[in-house]
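Undergrad: Just dropping this structure here.
The values are calculated or read from the model by the stated rules, or taken from the named source; none is laboratory data. Predicted model only: the values in this text are computed from it and were never measured. A quick note on method: Cβ atoms are made from the backbone with ideal geometry, for glycine too, and the neighbour counts reach across all protein chains shown.
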Amino acid sequence: MDITAVSGAATAPVAAAPEIPADTAAENRSIVQAVQALNGTEMFSHDNTLTFQRDPETHRMVIQVINRETHEVISQIPPEYLLLMAQDLKQPQADPTPAMTG
């Protein structure tokens, strides 16, 4: 049985990360700094933390107040039901009338 050594030089192709425009990157940094400052003030109580994240389905920004210990979402803007509604509106609607053939 012949077993050849695998070289560590083999690399898998890596997709390039999308380039973020400088103004967007600066805006993202300022949002992160603002959230960190708010969390530092414990404005949302000692037990809670503020998070900003992009909803993967609707691509909208979501703000959440989350309990640090239980990870329960205390409050969310926009609420979950609005995100679901926005997602439903994006999906193509089926034609309720059957096509007539003839």
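Undergrad: State the number of residues belonging to the range 1-53 that are over 30 Å from Glu72 (Cβ atoms), within 24 Å of the chain's Cα centre (by Cα) and either of a type in the set (S, T, N, Q) or at pLDDT 70 or above (or both).
TA: Residues that pass the stated criteria total 8.
Undergrad: Which pairs turn up if I take residues in the range 69-87 that are more than 22 Å from Asp47 (Cα to Cα) and look for partners that are outside any helix (DSSP H, G or I) and acidic (Asp, Glu) with beta carbon separation below 6 Å, at least 6 apart in sequence or on another chain?
TA: Leu83/Asp55; Gln87/Glu57
Undergrad: Being closer than 15 Å to Tyr81 by Cα and surrounded by 12 or more Cβ atoms within 10 Å (Cβ to Cβ) is the filter; apply it to the range 54-68 and report the residue that is modelled with the lowest pLDDT.
TA: Here the residue is Thr58.
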